Amino acid sequence: MKKTVAVILCLSAVFFSACNKNVIENTNTDTTSTVSESANVTDTSLPQSTFQPETQTETPSSTNSPTQESTMPPTVKPITVGTIPLNKNSSYGENTGTSATYTGLEPLPLKKFTVLDPENTKGLGTAAKLHSYGVAKDGKPNKISVENQKYYSQYGALTLDTSGEKVIYLTFDCGYENNQTEKILDTLLNKQIPATFFVTLPYLKSSPKIAARMIKEGHTVGNHSSTHPDFSTINRTLMSKEIQEVDNYLRLHFGYSSPYFRFPRGVCSDNSLELVFSLGYTSVFWSTAYADWDTANQRGADYAFSTVTSRLHPGCILLLHAVSSDNASALGKIIDFALREGYSFVTLD
């Protein structure tokens with residue numbers, strides 16, 4: 001009888017152990033292929049967002065975590081950011097180390113935006129406004145940026161910090177990956193400098209590990225729209241959808257959300273500025289930039305350094321493109337120069 005009981009107990013233990021075994025494969029989901037900012041890239045390593053495109057009600061689409069996929073890493077280290085501050089205005093899921101997201105943060109509930117006045121019955125202007133900023137020099141912002149900030153303020157938008165403090169807001173636009181962003185992140189981590197990366201939906205899908213690194217190292221990931229359209233040519237419901245799709249993808253697959261938006265190519269209208277503001281977003285433009293986006297016409301690190309440093313000024317919102325090898329090479333020296341000149345790098349809090 002004792003032998004029979006022992007055999008039964010042994011078999012039960014084996015069965016219980018087998019039922020509780022959880023095996024997750026480790027597959028690299030990153031890709032180095034280049035896509036255009038408006039390309040439609042499909043990420044098959046994670047489930048697609050399940051929210052509905054209609055934007056007439058303010059209710060979360062789901063509060064459940066996405067299904068855990070076998071292609072995600074088996075373990076994700078908790079966030080470590082050194083002395084880089086987390087952006088106070090961003091939302092983060094609980095840091096459990098879950099493998100259901102690329103960051104290890106628990107997914108955030110999906111959202112639906114309420115589109116106020118979807119037919120634009122107020123008659124807000126729809127004429128395209130191409131953002132301009134002028135060339136800053138002698139440590140002062142161009143007067144165009146000063147005047148623009150007065151105009152943008154009515155829509156809660158930002159192109160220049162007018163406090164007079166020697167601060168710089170370092171921002172990057174990311175429409176596709178060109179094997180430069182990780183070099184930029186290495187420099188920022190080494191020098192403990194915060195930045196904001198404005199990303200499109202194709203970028204998040206094609207380069208999820210890099211986007212996750214941005215978040216895990218304490219940077220802000222801003223919204224640069226789903227398909228990079230001209231916001232002056234689409235209606236308010238479509239504008240909302242462009243922003244919502246990026247935000248919900250970040251929520252579902254990165255456990256993250258931030259309230260910052262950058263218009264594609266800097267093209268906006270009174271109508272689109274008001275719509276973005278009504279959704280609770282801050283539109284972020286820039287007061288300093290240069291022609292760095294053309295990967296076939298890079299001029300070298302020295303050119304990038306001299307151009308950028310000659311245009312720095314108090315309250316500068318600096319726009320750089322992460323595809324630029326010049327920027328990746330010169331960034332460390334640009335940061336060192338700015339610090340020597342008494343500037344500090346701050347977040348969009």
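Matching residues to (1) at pLDDT 95 or above; (2) on the phi < 0 side of the Ramachandran plot; (3) aliphatic (A, V, I, L, M); (4) in contact with a His (Cβ under 7 Å, 6 or more places away or on another chain):
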position	(1), (2), (3), (4)
PRO259	yes, yes, no, no
PRO264	yes, yes, no, yes
GLY280	yes, no, no, no
VAL284	yes, yes, yes, no
TYR290	yes, yes, no, no
THR295	yes, yes, no, no
PHE305	yes, yes, no, no
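Of the set (1) touching an Asp or Glu at 6+ places or on another chain (Cβ under 7 Å); (2) surrounded by fewer than 22 Cβ atoms within 10 Å (Cβ to Cβ); (3) over 30 Å from ASP336 (Cα atoms), all apply to LEU201 but (2). Among the residues making up the stretch 299-319, a single one is buried (at least 21 other Cβ atoms within 10 Å of the Cβ) and among the charged types (D, E, K, R): ARG311. Confirm whether LEU160 is of a type in the set (A, V, I, L, M), in contact with a helix residue (DSSP H, G or I) (Cβ under 8 Å, 6 or more places away or on another chain), more than 29 Å from LEU312 (Cβ to Cβ) and surrounded by 16 or more Cβ atoms within 10 Å (Cβ to Cβ). Judged against the criteria, LEU160 is not a match. Being buried (at least 20 other Cβ atoms within 10 Å of the Cβ) and closer than 30 Å to PHE337 by Cβ is the requirement here; does TYR281 meet it? The answer is no for TYR281.
Quick one: is ALA322 more than 18 Å from GLU165 (Cβ to Cβ), among the small types (Gly, Ala, Ser), surrounded by 21 or more Cβ atoms within 10 Å (Cβ to Cβ) and in contact (Cβ under 8 Å) with a residue 60 or more places away in the chain? In short, yes.
When the test is whether a residue is small (Gly, Ala, Ser), free of Cβ contacts under 8 Å to residues at least 12 places away in the same chain and surrounded by fewer than 22 Cβ atoms within 10 Å (Cβ to Cβ), ALA291 passes it. Residue-level analysis places SER269 among those that are hydroxyl-bearing (Ser, Thr, Tyr) and touching a Leu at 6+ places or on another chain (Cβ under 9 Å). Looking at the stretch 270-277, can you tell me whether even one residue there is surrounded by fewer than 21 Cβ atoms within 10 Å (Cβ to Cβ), aromatic (Phe, Trp, Tyr) and touching a Phe, Trp or Tyr at 6+ places or on another chain (Cβ under 6 Å)? Yes, the stretch 270-277 contains at least one residue that is surrounded by fewer than 21 Cβ atoms within 10 Å (Cβ to Cβ), aromatic (Phe, Trp, Tyr) and touching a Phe, Trp or Tyr at 6+ places or on another chain (Cβ under 6 Å).
Taking each residue of the stretch 171-188 that is crowded, with 22+ Cβ neighbours inside 10 Å and looking for partners that are part of a strand (DSSP E or B) with beta-carbon atoms closer than 6 Å, six or more apart or interchain, yields THR171/THR196; THR171/LEU319; PHE172/PHE197; PHE172/LEU320; ASP173/PHE198; ASP173/HIS321; CYS174/PHE197; CYS174/VAL199.
The values are calculated or read from the model by the stated rules, or taken from the named source; none is laboratory data. Quick caveat, the model's predicted, so the values are computed rather than measured. Here the Cβ is made from the backbone with ideal geometry for all residues, glycine too, and neighbour counts use every protein chain on show.
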